[in-house]
Amino acid sequence: MRTIYLALVTCVYSLLNGEVLTATDVPDTPYVLVLGTAQDGGYPQAGCEKQCCQSLRSSGTTGSHVTSLGIIDPISKQRWIIDCTPDFPAQLSLLDKYAPSKQKRKPVSGIFLTHAHVGHYAGLINLGREIMGTQGVPVSAMPRCKTFLETQGPWSLLVKLNNIKLLPLKADVPITLNSRLTITPFLVPHRDEFSETVGFVIAGPDRKVLFIPDIDKWEKWDRRIEQQITSVDRAYLDGTFFDNAELPGRDISQIPHPFISESITRFAKLPDSQRDKVHFIHLNHTNAALKPNSQAQRTVAEAGMHIAQQLSIFKL
Ligand SMILES: [Zn+2]
Ligand SMILES: [Zn+2]
Ligand SMILES: [Zn+2]
């Protein structure tokens, strides 16, 4: 029976993208599953008539869901997600396909929110009475984000009806998920209209993952990103825009992010082994690095780094 289970799990993992697990790997290791790699608006994005999104629509090619990570423990059958995006319905289907759970009224063991920009929490509407009607799904958020959800409709109704149970996050205080996994939020500078913004470190039995989908600029942070990369095994980092030529007609200083081109320059001083950990995520629909085999993707690869791929996994 165990042999069949091993073969099945190995098969599922190799189907994902061949990135990590092999037949000799132990299949019960907890892992992170990339559920989406696009910026808040997704890819393709509503109303975009430019080549970036029109070519996807005309070819019928699937784009990418909004950025979210799943954290899965195959032994306990628990699964958590970081951020609840507008693509939550499709992302929950992916979780159900690759890491099924029997608890239908409680689709995940917990949700961790980075901040209150729409791409990161608006999927919570799916948990409400009109849709899933979940019961007490733990949603962990920083203090301002928690107050925002408690006091503003429609989110406040989710709280009132106990569809979700809000839990407080505190910067730099680890939360124990189970005996093998912890998650720790940390503050980053970002446009904080409704909430603080955090990134997370997810730690498993053997490895750690850094997740920073949104940050203004590396230089604005009171921590050195290089040091943070060194302290983990994989880093999913803000790759919203490739460079400043990307949004003609819009004041890009109002929506600051570290351009991938800036990160490439900054990280060039790091050893190969550190740069190899970097996987850019949260790509805007205009970012050419979303396109397979684009010059932008080649530039990232030549710099020894990567673009995060939806459905790729990383063992913890
Ligand atoms: Zn975002
Ligand atoms: Zn577009
Ligand atoms: Zn944001």
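The values are calculated or read from the model by the stated rules, or taken from the named source; none is laboratory data. The shown structure was predicted, so the numbers you read here are calculated from the model rather than taken from an experiment. Here the Cβ positions follow ideal geometry from the backbone for every residue, glycine too, while neighbour counts run over all protein chains shown. Keep in mind that these areas ignore ligands, DNA and RNA; they rest on the heavy atoms of the full protein, side chains included. Shrake-Rupley method; radii C 1.70, N 1.55, O 1.52, S 1.80 Å.
If R₀ is 35 angstrom, what is the calculated FRET efficiency for the pair Lys77 and Arg129, using the beta carbon separation as r and rounding to 0.05?
On the way: r = 27 Å, r/R0 = 0.76.
Taking R0 as 35 Å, the efficiency between Lys77 and Arg129 is 0.85.
Where a ≥ b ≥ c are the square roots of the eigenvalues of the C-alpha gyration tensor, would you call the chain rounded, which needs a/c under 1.5, or, failing that, prolate if a/b is larger than b/c, or oblate?
On the way: a/c = 1.33, a/b = 1.11, b/c = 1.20.
Rounded is the answer for the chain, as its axis ratio a/c remains below 1.5.
What is the packing order of peptides 150-160, 64-74, 116-126, taking the mean over residues of other C-beta atoms within 10 Å and listing the highest first? Could the numbers behind the result be given before it?
Values: 150-160: 14.0, 64-74: 24.8, 116-126: 21.2.
Packing order, densest peptide first, comes out as 64-74, 116-126, 150-160.
Stokes-Einstein D for region 134-259 at 37 °C, 0.692 mPa s, Kirkwood Rh over Cα pairs, in µm²/s?
On the way: Rh = 16.4 Å.
Result for D is 200 µm²/s.
Give me the orientation-averaged projected area of the Cα convex hull of region 62-219, in nm², one decimal.
Working: hull surface 38.7 nm².
Taking the Cα atoms of region 62-219, their convex hull projects to 9.7 nm² on average.
If you count, for each residue, the other Cβ atoms within 10 Å and average over each peptide, how do 246-254, 294-302, 168-176 line up from highest to lowest?
294-302, 168-176, 246-254
Quick check for me: using +1 on Lys/Arg Cβ and -1 on Asp/Glu Cβ, what's the dipole size of the chain about its Cα centre, in debye to the nearest 20?
The calculated dipole for the chain is roughly 920 debye.
Regarding region 94-177, what are the three Cα extents along the principal axes, ordered largest first, in Å?
Principal extents (Cα only, largest first): 33, 30, 21 Å.
Treat every Asp and Glu Cβ in region 100-223 as -1 and every Lys and Arg Cβ as +1, leave all other atoms uncharged, and give the resulting dipole magnitude about the Cα centre to the nearest 20 debye. Intermediate values should be presented prior to the final figure.
Details: 17 positive and 11 negative charges, 130 e Å.
Using Cβ point charges on Lys, Arg, Asp and Glu, region 100-223 gives about 620 debye.
Testing the spin-label approximation: label points 7 Å from Cα along Cα→Cβ at Gln227 and Ala268. State their distance in nm.
Those two pseudo-labels are separated by 2.5 nm.
So for each of 265-273, 91-99 I average, over its residues, the number of other beta carbons within 10 Å; can you give me the resulting order with the highest mean first?
Values: 265-273: 12.0, 91-99: 17.2.
Answer by packing, highest mean first, reads 91-99, 265-273.
Given a cut-off of under 8 Å on Cα pairs at least six residues apart, what relative contact order in percent is computed for region 19-121? Show your work: numbers first, answer last.
Details: 164 pairs, mean separation 29.4, N = 103.
Worked out over region 19-121, it gives 29 percent.
Anything in the chain that counts as a DSSP H helix reaching 20 Å or more along its axis (C-alpha) with Kyte-Doolittle mean of at least 0.0? List them, would you? Could you put the intermediate results ahead of the total?
Working: long enough: 2-16 (21 Å, 1.54).
Both cut-offs are met by 2-16.
In whole percent, how big is the carbon plus sulfur part of the accessible area of the chain, probe 1.4 Å, protein atoms only?
Roughly 55 percent of what the probe reaches on the chain is carbon or sulfur.
With a 1.4 Å probe and all protein chains left in place, how much accessible area per residue does the chain have, in Å²? Don't skip to the answer; put the middle values down first.
Values: 14080 Å² over 316 residues.
Spelled out: the 1.4 Å probe surface of the chain, per residue, equals 45 Å².
Give me the one-decimal nm value for the distance between modelled label points at Thr176 and Lys160, 7 Å along each residue's Cα-to-Cβ direction.
For Thr176 paired with Lys160, the spin-label model returns 3.6 nm.
Tell me the relative contact order for region 44-83 as a rounded percent, counting alpha carbon contacts under 8 Å between residues six or more apart. Each step should come with its number before you reach the end.
Working: 30 pairs, mean separation 10.7, N = 40.
That works out to 27 percent.
Can you list, largest first and rounded to whole Å, the semi-axes you get for region 50-155 by taking the square root of 5 times each eigenvalue of its Cα gyration tensor? Working shown, then result.
Details: eigenvalues 119, 77, 33 Å².
Output for region 50-155: semi-axes of 24, 20, 13 Å.
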